[in-house]
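Everything on this sheet refers to the single structure shown next.
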C-alpha cells in the first residue's frame with residue numbers, strides 16, 4: 001500500500017510529465033528517510049534515443065529521481081510550510097555510482113536518508129535498487145526556495 005500516490009506526490013513536487021520520476025512513496029519518516037518507487041516502462045520519452053536497439057534509463061535521470069525522492073522527504077509531514085509553493089534545487093552531487101542498467105519493465109526502489117542538515121542545506125545519501133540489487137547510488141545536496 002502506498003503512503004503517497006502520484007496525485008499526492010504532485011502536491012510535493014512541481015515536476016510534471018515527462019520529468020516527474022517518482023510514482024509512489026512506500027515509507028517515510030519525516031525529515032529522516034523515505035522509500036519510493038518508479039515503474040520503468042517502454043513508453044518513457046527518453047528510450048527512443050537512449051538507446052533505440054537496447055533501451056537503458058539514463059543514469060542522470062536515476063540521480064534526478066533520487067533527488068525528487070529526497071525533496072519529498074524534506075517536505076513530507078510538515079504542516080508549517082506550503083509544500084505546493086516550495087521548490088528544491090540541487091547544490092551538489094557526490095559519489096555517484098552506476099552498477100547495473102535500468103531497462104523497461106524494471107521497478108526502481110529509491111531509498112534516501114538524511115546525512116546532515118544545516119539551516120536550509122540538506123545532504124542525503126540515496127540508493128536506487130532493482131530487484132534488491134543496487135542500480136545507482138549518490139550523495140545529494142540541495143536547498144529550497146519558497147515561491
Inset, instruction - With springs only between Cα atoms under 10 Å apart, run a GNM on the chain and tell me which of 20, 37, 108 wobbles the most. - result: 20
Legend entry - For the stretch 87-142 and the stretch 1-65, distance of Cα centres in Å: 12 Å
Inset, instruction - Calculate, in nm to one decimal, what residue 33 and residue 53 gain on full extension: separation in residues at 0.36 nm each, minus their alpha carbon distance. - result: 3.5 nm
Legend entry - Gain upon complete extension [residue 120, residue 144; 0.36 nm per residue less C-alpha separation]: 8.0 nm
Inset, instruction - Let me know the shape class of the stretch 6-146, please: from the alpha-carbon gyration tensor, a ≥ b ≥ c as square roots of the eigenvalues, rounded when a/c is under 1.5, otherwise prolate if a/b is greater than b/c, or oblate. - result: prolate
Legend entry - Theoretical gain in end-to-end length, residue 85 to residue 134 [0.36 nm per residue, Cα-Cα removed]: 14.3 nm
Inset, instruction - Could you check the simple spin-label distance between residue 26 and residue 10, using points 7 Å along Cα→Cβ, in nm with one decimal? - result: 2.4 nm
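Every number in this text was worked out from the coordinates using simple rules, so none of it is lab data. Here the structure is a predicted model, which is why all the values come from computation and not from measurement. Methodologically, a virtual Cβ is constructed for each residue, glycine included, from the backbone with ideal geometry; neighbour enumeration extends over all protein chains shown.
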